[in-house]
Amino acid sequence: MKRLFLFSSVVASLSFFASSCSQKKAAAPVVSIIPKPVSVVRQQGVFTIKPGTRIVLADTSLQNSADFFNEYLHKYYGFTLRVKTAADTADLQEEGAIVLNYTHSGDTAKGAYTLVSGDKQVRINGDDAPGVFYGIQTLIQLLPTTPARSLDIAQVRIKDHPRFQYRGMMLDCGRHFFDTAFIKQFIDFIALHKMNTFHWHLTEDQGWRIQIKKYPKLTEVGAWRDSTLIGHEGDKPRRFDHHRTGGFYTQDEIRAIVRYAQARYITVIPEIEMPGHSMAAIAAYPELTCNPGPYHVGNHWGVYDTILCPTPYTFNFYENVLTEVMELFPSHYIHIGGDEAPKVTWNNSAYCKQLMKKLHLKNADELQSYFINHMEKFLNAHGRDIIGWDEILQGGLAPNATVMSWRGEKGGIAAAKMHHKVIMSPTTYVYLDYYQSRNHDSLFIGGYLPLEKVYSYNPIPPELDSTEAGYIQGVQANLWTEYIKYPTKAEFQLFPRMEAVAEIAWTPQKERNYSDFIQRVQTQFKRYQLWKVSYSRAIYELNDTVEQRSDYQGVDLKLSTKYAQGKIYYTTDGAEPSSKATLYTDSVHITKNAQIRAALFIDGEKMGPEVTRTFQINKATGKPVTLGDPPADKYSQGGAFALVDGVVPAHAKDGSQWLGWNGGDLDAKIDLGKTQAISAVNVTIGDAPGMWVYAPKSITVLGSDDGKDFKVLKQISVQENMGQAARRITVPLAGISARYVEVKAENFGTIPAGHPGAGEKSWLFAGEIAIE
Ligand code: ACM
C-alpha cells in the first residue's frame, strides 16, 4: 500500500515537472510600464535580448541612450551589448538588433517616441533624442525583473508622449548633505521615470552646499553645523546630538553632476534661497543681515527670523554668487527660493524702514518683491529666468517669474490667471517627506500622504480656463530632508510614490486609473528588489475602523483589505501576528483593554505594515456622544465617536485619530446610559506647537442627570505649551455621580510670536475622552 502510494506520487511529480517546463517556454513576459504609455498594443511572441544582440544607432547623437541601456544591463544583468552607428540604411535593417532612430511621429509634444518589438528587431523611433531615451526607459521596463543572460521581452507596439514638459523632483541637500554618488542615483531614478528636471536645493539655514570661489567662507563656515536636533522640531525640550556634520559640492563635482544629468536629458535647476532660509550664509558673512552677529549655522528645523537684508552689499554678494552659479548650471531657470521669510527683522530695522519709505513701499512684503525683482533683473540680463516659491506673489510678482505653488494650489492658480508660468508642487499631494503609512514607527515631518492620494492629483486645477491652464508647465515632487538623513530613508520616501508622480506628469489624465496603476506598482516592487533600493509596502496596509455598536457595549474593530486573495490574521495580546494567529472574519468585539496587532498575508507571506491598535476601555467607551461645533473637515475622521472609541492616539501627527478645531473649542456630551459614580475624566489632547497644535487653555467638566441641565463639576487650567505631542490631562472628581458628562476645552487662541505659524489661529486637537 505504502509503496504504491510513493510510486504514484513520483509519477505525479514527474509529469508536473514536464508540464511546468513547457509552460515556462510559453509564459508571456509581463508588460507593466510606469508611467503608463499613451497607447500599448500587445502582440504574440517575444523578442530575446542576449549578449550577442547589437544596438544600431541611426546617428551618433543617440549614443547616450545606448550607453544608459548598457549601463543598466551591466548593473542588473551582468552583460552589455555591442553598439554600432549605421553606415547606411541597410544597417538599420540588421536582424536581431535594437535600432534607435529618429522619425517624426506627428506628435507636437517634445519627447514623443514609438517602440515596436517584433520577431526581427526592436525599433525605437524618437521625435528627438530625449524621445529615444524615453523609449529606452520603456524597453528597460519590458525586461524581466530577475537577472538572466537571455532576456525575453513581449512583442508590443507602443506610441507615447509626455503630458507635461516639466516633470520634476526636488532633493533638499541643505538639511542633510547627500554625497555625489547618491545625487547620481537620484538622477537615475528621475531618468528611469521619464522625468526631466532635477531641482537641487543647495542652500539652507542648516547648510550651504555649493562652492563659491569668491566667497570661500560660504562653505568653510556655512557647510558645517556643530550640532543637530534629535527628534521632532515640535518636541519640548529640544535635544541635540552635539556632532559636527556637513559637506558641500565642489565646482568640479557640480560640473560632473550637470554632465551626468545632461546625458539623461535632465535639466538641473539650482536653488539659491533668498531672502529667508539663509542662516548658513549669514553665519559665514554676518554683513548679509540687518543686525550684527555673530550667527551660527542652523541646528534645528523650522523657520528662522533672521533673513538677508536688502542692502547694496547683499545684492552685490548674491549677484556674484549667481554669476558663479550661472557658469556651473546651463539651465534656463534659476530658483531663488523666496519662501518662508519672516519680516520681523525687516520691520524692526531702521535701514529697511528708511528704504521702504524711499521706495514708497507699503510694507515688508513689497520690500521682499523689491528684493526678488532686483535679482530677477540681474538674472534676466544674463538670459536666465527665475522660479520662486509661491510667496513671491505677496507684495507683487516679478514680471517674468515662474511660480512654484507649494502651499496648496492657490498660488499657482493666481499666477496662471496673471499669465505667469506655474509648476504645481502642493504639499497636499506631492510632498514626499510626509509619511505614507498610518502605522509607521519612524520620525517624519508630519502629514499623511498615501500613494493613492498622490495618484489622485491632477495638476490642472478646474478653476483655470484653457488659456490659463496652458501656463501650468507641469508638476514637481519635493523631498525635504529634515528627517531624512540617509539614502535608504530617502528611497523609502520616494518609492513607490515617485511612480505616481511620474504618471501624473506623463500620462494623459483620461488614461489614468488607480486600480490599473496599483497592479503595475506591484511589478515595480520587483524592479526595486532588482535595484536593491528600499521602498514602502504601505499599499498592503489594512484599513481599520472602530465602530460603535448598537448596544453601546464596548466597540467593534473592523479590518479590511483591497487584495481579494489576502487573509488577515491578528493577535489581541500584543504578540506579532503570523499566519498561525487568529483569522479575521467579520469584526473583533473589544470589551476590555487589549492591544490588537493585525496584518495582511498572501500565500502565508506578511505583505505590509501591521495595524496596531491599543484599546483602553472605560465608562465612556462606545457610548453615545454629540459635539457642539464640528471639527474642521480635514480632522474630522470618525466623527464625535472618535472621542470614545477606546483608541488613544499616540502621536500628534497621527491625523486620522484626532479631531481638530482651527481656532474653535471642543464641546462633547457623552451619555453613560445610567447615572453612576465617576472619579475622573481624562482628556487626550495634542500639544505640538511646531505643527501649530496647542494644548487648550482650560478644560471644564459638567454633569447632568437629564441631559438638559448641566452643572460645572470642575474646571482646570492647562499648563500651556509643554510640547509633548500627545498629552493625557486628568480632571479628578470626588463624590460625583452623573449620567451625562459634558467636556469642554477652550482653544489656546492665536499662535504667539516667535513660533511657527505666529499670528495664525492655533489648532486644538482632541483624541480621546476617558471616564473613570
Ligand atoms: C517649502 O516647502 N517651504 C517650499
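The values are calculated or read from the model by the stated rules, or taken from the named source; none is laboratory data. Source: prediction; values computed, not measured. In this analysis, Cβ positions are derived from the backbone assuming ideal geometry, glycine residues included, and neighbour counts consider all displayed protein chains. Keep in mind that these areas ignore ligands, DNA and RNA; they rest on the heavy atoms of the full protein, side chains included. Shrake-Rupley method; radii C 1.70, N 1.55, O 1.52, S 1.80 Å.
Okay, here's what the table says:
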{"quantity": "Cβ charges +1 (Lys, Arg) and -1 (Asp, Glu), total dipole of the stretch 617-772, debye", "calculated": "240 debye"}
{"quantity": "Compactness index (Cα Rg / 2.2 N^0.38 Å), the chain", "calculated": "1.09"}
{"quantity": "Accessible area (Å², 1.4 Å probe, nearest 10) - VAL268", "calculated": "10 Å²"}
{"quantity": "Partners for LYS120 among lysines (Cα-Cα distance below 18 Å; same-chain residues under 8 apart left out)", "calculated": "LYS50, LYS84"}
{"quantity": "All aspartates and glutamates inside 13 Å of LYS619 as judged from Cα atoms, apart from same-chain residues fewer than 8 positions distant", "calculated": "ASP645, ASP671, GLU768, GLU772"}
{"quantity": "Nearest-10 value in Å² for the accessible area of GLU576, using the 1.4 Å probe", "calculated": "120 Å²"}
{"quantity": "Rel. contact order, % - alpha carbon contacts under 8 angstrom, at least six apart, the chain", "calculated": "9 percent"}
{"quantity": "For the stretch 390-440: rounded, prolate or oblate by the Cα gyration tensor [a/c cutoff 1.5]", "calculated": "prolate"}
{"quantity": "Cα gyration tensor shape for the stretch 336-474, rounded if a/c is under 1.5, else prolate or oblate", "calculated": "oblate"}
{"quantity": "Kirkwood-based Rg to Rh ratio, the stretch 281-401, C-alpha trace", "calculated": "0.95"}
{"quantity": "Charge dipole of the chain about the Cα centre (unit charges at C-beta), most positive-ward option of TYR77, ILE282, TYR166", "calculated": "TYR77"}
{"quantity": "Distance violations [Cα-Cα > 29 Å] among LYS357/LYS761; LYS623/LYS697; LYS159/LYS606; LYS558/LYS711; LYS236/LYS558", "calculated": "LYS357/LYS761; LYS159/LYS606; LYS558/LYS711; LYS236/LYS558"}
{"quantity": "By accessible area with a 1.4 Å probe, ligands and nucleic acids excluded, highest first: order of ILE590, ILE445", "calculated": "ILE445, ILE590"}
{"quantity": "Helix runs (DSSP H) in the chain reaching 30 Å along axis by Cα, Kyte-Doolittle at least 0.5", "calculated": "2-26"}
{"quantity": "Residues whose placed amide H lies under 5 Å from that of TYR102, excluding near-sequence neighbours", "calculated": "GLY126"}
{"quantity": "The stretch 54-116 - charge dipole about Cα centre, Lys and Arg +1 at Cβ, Asp and Glu -1, debye rounded to 20", "calculated": "220 debye"}
{"quantity": "Accessible-area order (highest first, 1.4 angstrom probe) of the listed residues LYS159, LYS606", "calculated": "LYS159, LYS606"}
{"quantity": "Accessible heavy-atom area order of ARG255, ARG613, highest first, probe of 1.4 Å", "calculated": "ARG255, ARG613"}
{"quantity": "Within the chain, percent of DSSP bridges classed antiparallel, to nearest 5", "calculated": "65 percent"}
{"quantity": "Within the stretch 390-469: Cβ-based charge dipole about Cα centre, in debye rounded to nearest 20 (Lys, Arg +1; Asp, Glu -1)", "calculated": "40 debye"}
{"quantity": "Residue-level accessible surface for HIS755, protein heavy atoms, 1.4 Å, Å²", "calculated": "60 Å²"}
{"quantity": "The stretch 44-129: GluC sites (Glu not before Pro) in DSSP coil with no more than 10 other Cβ atoms inside 10 Å", "calculated": "GLU95"}
{"quantity": "Three semi-axes of the equivalent ellipsoid, the stretch 539-606, Cα gyration tensor, whole Å, largest first", "calculated": "22, 14, 9"}
{"quantity": "For ASP152, distant residues with modelled amide H under 5 Å away", "calculated": "ILE49"}
{"quantity": "Euclidean distance between Cα centres, the stretch 299-334 to the stretch 71-143, Å", "calculated": "42 Å"}
{"quantity": "Computed over the stretch 613-752, Cα set: Rg, Dmax in Å", "calculated": "14.4, 43"}
{"quantity": "Solvent-accessible heavy-atom area per residue, rounded to whole Å², over the stretch 579-630 at 1.4 Å", "calculated": "50 Å²"}
{"quantity": "Shape of the stretch 196-354, Cα gyration tensor, a/c cut at 1.5", "calculated": "oblate"}
{"quantity": "Rg and Dmax [Cα atoms of the stretch 321-368; Å; Rg one decimal, Dmax integer]", "calculated": "14.9, 39"}
{"quantity": "Cα pair distances in the stretch 427-553, grouped into 10 Å bins until the bin that holds the longest one, percent each", "calculated": "11, 37, 31, 14, 6, 1"}
{"quantity": "Cα centroid separation, the stretch 500-564 to the stretch 661-707 (Å)", "calculated": "34 Å"}
